[in-house]
Amino acid sequence: MDLRMFIWSVLMVTEKDMRIYYYKGSVVIFGLLFPFIMFLTFFIGRNLDLILFFPGFLGMMLFFSASSTGPLITPWEKREKTYERLVSLPVVIESIILGDILSGAVFGFVITTLVWIAGSFLLHLPLANPSVLIAALFLGSLAFAALGTLLSSPATNTPSNIMMFSNLVRLPLIFVSGIFIPLSQLGTWAWTNMFSPLTYLVDLFHTAINGDGVYSPVLDSAVLISVIFIFVVAAKTIQQHNLLSGR
Amino acid sequence: MNAIEAHNLYKSFGQVTAVDDVSITVKKGEIYGFLGQNGAGKTTTIRMLTGVLIPDSGTVRICDMDILKQPLEAKMHMGVIPENGTVYADLTAEQNILWTAKCYRMDRATREKKAREILIRLELDGRKDDLVRTFSKGMRQRISIACAIVHSPPVLFLDEPTTGLDVISRRLVIDTVRHMNREGSTVLITTHNIEEASALCSAISIIHKGKIIATDSPEKLRKLFDTSGFIEISFEQKITGRTLITGGISRAEPLGDKWRVYTDDADRAVKDLAKIAEQNNLKIVSVATSTPTLEQAFIEMTEGA
Ligand SMILES: Nc1ncnc2c1ncn2[C@@H]1O[C@H](COP(=O)(O)OP(=O)(O)OP(=O)(O)O)[C@@H](O)[C@H]1O
Ligand SMILES: [Mg+2]
């Protein structure tokens, strides 16, 4: 397979996703409003140090925004019957999976960057490690866009079922990822957060902004890279199976 | 080199064997018809030919490229109008065509020129900036066709492109298929409309329960059944079918205000009918003999199989 052709097919899928799915209601609600509301409910009426918690907020923002388009796209396309035509265009399932991931990642990256810029202006955030911030934005947006795409892989043409399922997976994660209680304050309970990939993204943001990460940024990045890899392979395996069974 | 070459395709879904050892060869420049009853396996075959469904076994080559080993290259050479597939309702007619053309790696100037041409050919230029969401079924189907032909594909697959369309849309679609064929596209089309197939196609395969039971030109398929012609006759008086059964007539069925009688020997049957009319004091209003249509050939084959 010609690599240039493949990359082009990925970009075409991304372009289509960006033009159609960024404007869908559930993407706006779960990708944008939801993390804001979660954070506001947590903060209002409490006397917490905003700067200390800002890395957690950024992590949650990137987590929800990057993973919001993925669960929608494939079930939506199967319901609207555009998927059948898409697969007959010069694309392969890898192009569809990577294209969907890329569109989610761009969404998450741009929104989270805007939130960080706004936060820097309003709160005069510190910036301990600029290069770690860039790594966090890159790896985090890809990892959680990949999670979103993986969540949409089971064969179904009911977007609302998948949205429910994906929130069932996503919501619990934010409570075990050092967002509301920083890892450094969890003490002996820190191990409960080890299993959530979001923990490592939030930790990277801590290192980047306040310089108070718990793990080394290399470890955090390595975990996120492995997670990207695992999610992509899992999504491909499931979608390949769907292609065999004709669903 | 053949445009489409498929060997020994099998596909089953659970207990159902949808496609059972189908091989197809379509020469360059042909319009190839694929006929079969509902559930015969036409769509499943086309989905395997176009790389949308992976066969259990068998090979597919499009313009000498293996659809499973070189999917991108093979798909660049084809345009597909799926039976159950449509364009993006959230994009306008023109955006759909332009994006599709971009997928086929056409440059911007060519894309825009071709899109304009095709919108005019399919009589959609007045609505090009409207969202497809607002389109009727026939208009959506035309956009689907526009997207499938924008890159002048060497091979064009159409799965029941005219089902549910009115006469005007249907003619537009058929004319477009002919036009694409004249411009060099090889066409594989499935349809339920047998007369349409016989007027359009240079070769026809009949598929039944997942197996191809006949492949030939429409004319030859029709001739296979030339021995059993029929005569249509109407009388001024009401009669029962039994009256008409004689030595030369094997079967009679009512057809509106007429009777259709089947015979192996038209000469003898006409003489018999005249005799019957005379004996029963019936007045003949009209009589016409006919050779079998492709439809008859189709029904006889699939019922016999
Ligand atoms: N994805 C699928 N899962 C299970 N069974 C399927 C699937 N697709 C097709 N079938 C079965 O395979 C058989 C052939 O179906 P197919 O759609 O190919 O028929 P067809 O010739 O296109 O019929 P029609 O004229 O109604 O479009 C049918 O029995 C159908 O139920
Ligand atoms: Mg069909």
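The values are calculated or read from the model by the stated rules, or taken from the named source; none is laboratory data. In this text the structure is predicted, and so the values were computed from the model without any measurement. We place every Cβ from the backbone using ideal geometry, glycine too, and count neighbours over all the protein chains shown. Please note that ligands, DNA and RNA were not included when accessible areas were found on the heavy atoms of the full protein model with its side chains. Shrake-Rupley method; radii C 1.70, N 1.55, O 1.52, S 1.80 Å.
Suppose we keep just the DSSP beta bridges with both residues in the protein assembly as shown; what percent of those would be antiparallel, to 5? Write down the numbers at each step before the final one.
Values: 37 of 54 bridges.
Of all bridge pairs located within the protein assembly as shown, approximately 70 percent are antiparallel.
So how strong a dipole does chain A carry about its Cα centre when Lys and Arg Cβ are +1 and Asp and Glu Cβ are -1, to the nearest 20 debye? Can you show the working numbers first?
Details: 12 positive and 12 negative charges, 120 e Å.
Dipole of chain A, to the nearest 20 debye: 580 debye.
At 15 Å minimum axial length over the Cα atoms and a Kyte-Doolittle cut of -1.0, report the qualifying DSSP H helices in chain A, or say none.
Details: long enough: A:3-20 (26 Å, 0.62); A:50-66 (23 Å, 2.12); A:70-80 (16 Å, -1.12); A:93-123 (44 Å, 1.85); A:130-151 (31 Å, 2.05); A:159-173 (21 Å, 0.69); A:197-209 (19 Å, 1.05); A:217-245 (42 Å, 1.36).
Helices meeting the criterion: A:3-20, A:50-66, A:93-123, A:130-151, A:159-173, A:197-209, A:217-245.
Taking only protein heavy atoms and a 1.4 Å probe, what accessible area per residue, in Å², does region B:1-146 have with all protein chains in place?
On the way: 6030 Å² over 146 residues.
Computed with neighbouring chains in place, this is 41 Å² per residue.
In square angstrom and rounded to 100, what buried accessible area do you get between chains B and A, total over both, with the probe at 1.4 Å?
Details: alone 15610 and 11900 Å², together 24230 Å².
Using a 1.4 Å probe, the pair buries roughly 3300 Å².
What is the average number of partner chain Cβ atoms found within 10 Å of a Cβ in A:76-85? Don't skip to the end; give the middle numbers.
Numbers: counts 1, 2, 0, 0, 7, 7, 9, 5, 12, 14.
Mean shielding by partner chains, rounded to a whole number: 6.
Please pull out the direction-averaged projected area of region B:198-276, using the convex hull of its alpha-carbon atoms, in nm² to one decimal place. Show your work: numbers first, answer last.
Numbers: hull surface 28.9 nm².
Value for region B:198-276: 7.2 nm².
Between B:Cys201, B:Ser169, B:Val150, whose Cα lies farthest towards the positive end of the dipole of region B:120-203 when Lys and Arg beta carbons carry +1 and Asp and Glu beta carbons carry -1, centred on the Cα centre?
Working it through, the farthest residue towards the positive pole turns out to be B:Val150.
From the cross-link list B:Lys75/B:Lys211; B:Lys11/B:Lys137; B:Lys238/B:Lys283; A:Lys81/B:Lys113; B:Lys42/B:Lys102; B:Lys238/B:Lys258, which pairs have alpha carbons spaced over 19 Å apart? Before the final figure, lay out the partial values.
Numbers: B:Lys75/B:Lys211 25 Å; B:Lys11/B:Lys137 31 Å; B:Lys238/B:Lys283 10 Å; A:Lys81/B:Lys113 28 Å; B:Lys42/B:Lys102 29 Å; B:Lys238/B:Lys258 10 Å.
Those over the limit are B:Lys75/B:Lys211; B:Lys11/B:Lys137; A:Lys81/B:Lys113; B:Lys42/B:Lys102.
Let me see the pair-distance distribution of region A:3-244: every alpha carbon pair, 5 Å bin width, integer percents in order.
The calculated distribution, bin by bin, is 1, 7, 14, 19, 19, 15, 11, 7, 4, 2, 0, 0.
Tell me, what is the percent relative contact order of region B:2-223, built from C-alpha pairs under 8 Å that lie six or more residues apart?
Working: 420 pairs, mean separation 64.5, N = 222.
Taking the mean separation of contacting Cα pairs over the length of region B:2-223, I get 29 percent.
Using the Kirkwood formula on the Cα atoms of the protein assembly as shown, what hydrodynamic radius do you get, in angstrom to one decimal? Before the final figure, lay out the partial values.
On the way: mean 1/r = 0.0368 Å⁻¹.
Its Kirkwood hydrodynamic radius stands at 27.2 Å.
Can you pull the accessible area of A:Met61 for me, 1.4 Å probe, Å² to the nearest 10?
0 Å²
Using a 1.4 angstrom probe, figure out how much accessible area region B:225-304 has per residue, in square angstrom, rounded to the nearest whole. Could the numbers behind the result be given before it?
Numbers: 4800 Å² over 80 residues.
Normalised by residue count, the accessible surface of region B:225-304 is 60 Å².
Let me know the mean shielding of A:86-98 by other chains, meaning the per-residue number of their Cβ atoms within 10 Å of its Cβ. All intermediate terms of the calculation are to be shown ahead of the outcome.
Values: counts 7, 10, 15, 14, 13, 5, 4, 1, 1, 3, 0, 0, 0.
Average neighbour count from other chains, rounded to a whole number: 6.
Can you give me the solvent accessible area of B:Lys102 with a 1.4 Å probe, rounded to the nearest 10 Å²?
50 Å²
Under a Cβ-only charge scheme (Lys and Arg +1, Asp and Glu -1), can you give me the dipole magnitude of region A:78-183 about the Cα centre, in debye to the nearest 20?
Details: 5 positive and 4 negative charges, 38 e Å.
Here region A:78-183 has a charge dipole of around 180 debye.
Quick one: pull the percent of accessible area on region A:92-247 belonging to carbon and sulfur, 1.4 Å probe, ligands and nucleic acids left out. Intermediate values should be presented prior to the final figure.
Numbers: 5180 of 6710 Å².
Result for region A:92-247: 77 percent of the exposed heavy-atom area is carbon or sulfur.
Rounded to the nearest 20 debye, what is the charge dipole size of the protein assembly as shown about its Cα centre when +1 sits on each Lys and Arg Cβ and -1 on each Asp and Glu Cβ? Don't skip to the end; give the middle numbers.
Details: 52 positive and 52 negative charges, 92 e Å.
In debye, rounded to 20, the protein assembly as shown gives about 440.
For the peptides B:9-21, A:132-144, B:203-215, what is the packing order when you average, over each peptide's residues, the other Cβ atoms within 10 Å and list the highest mean first? Write out the running numbers ahead of the final one.
Values: B:9-21: 16.2, A:132-144: 23.8, B:203-215: 20.4.
Top of the packing list down: A:132-144, B:203-215, B:9-21.
Per residue, what volume in Å³ does the Cα convex hull of chain B take up? Can you show the working numbers first?
Working: hull volume 49.0 nm³, N = 305.
Each residue corresponds to 161 Å³ of Cα convex hull volume.
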